[in-house]
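Participant: Questions regarding the structure given below will be posed in turn.
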Amino acid sequence: MQTVIHVEQLSKSYGKLPVIDKISLSVKRGTVYGLLGENGAGKSTKIECILGTKNADSGTVSVLGCNPKKVRHRLFQKVGVQFQEGDYQPEIKVSERNRTAVLKLQSKPPVSPFPLCSLLLLLPISCASF
């Protein structure tokens, strides 16, 4: 099976506090992999370093054969990511959030917008919910 995530000797510190200390891991295609640990254990920092959104102090990372620091935009077109801090406004309606998510999934703006209710037919909820 193909390795889709490969991490070698990844380290990250905040000041003198080591958060990630030379971790290495490989994840094969089709594998579900979880990071478990208590608050402050460095789980989010590991993910951010692997995705290239945070600079590691040392080590190497490959995701889908790419260096995430160099080709993050291209990589994020292939990898789904939900950071723990979303960028939606607290007052946003569900229909607005769904419309935004659909538009973000498209690489080019649509010629004509895809009706939200048509998308909702694929989900176990109805347009009346909005």
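Values in this text are rule-based calculations from the coordinates and carry no lab data. Everything numeric here is computed off the predicted structure, so don't read it as measured data. Using ideal geometry, Cβ is built from the backbone for each residue, glycine included, and neighbour counts are taken over all protein chains shown.
Participant: Counting only the backbone N, which residues of the range 1-15 are under 20 Å from the spot 7 Å out from the Cα of CYS66 toward its beta-carbon?
Facilitator: From the range 1-15, the list is 2-8.
Participant: To continue, here is another question. Stretched out fully, how many nm does the piece from GLN9 to VAL27 gain, at 0.36 nm a residue minus the Cα gap?
Facilitator: 5.0 nm
Participant: Net charge near ALA56: determine it from the other residues with C-beta under 10 Å of the C-beta of ALA56, scoring Lys and Arg +1 and Asp and Glu -1.
Facilitator: On the way: positive: LYS12, LYS46, LYS54, LYS69; negative: GLU48, ASP57.
Around ALA56, the charge tally is +2.
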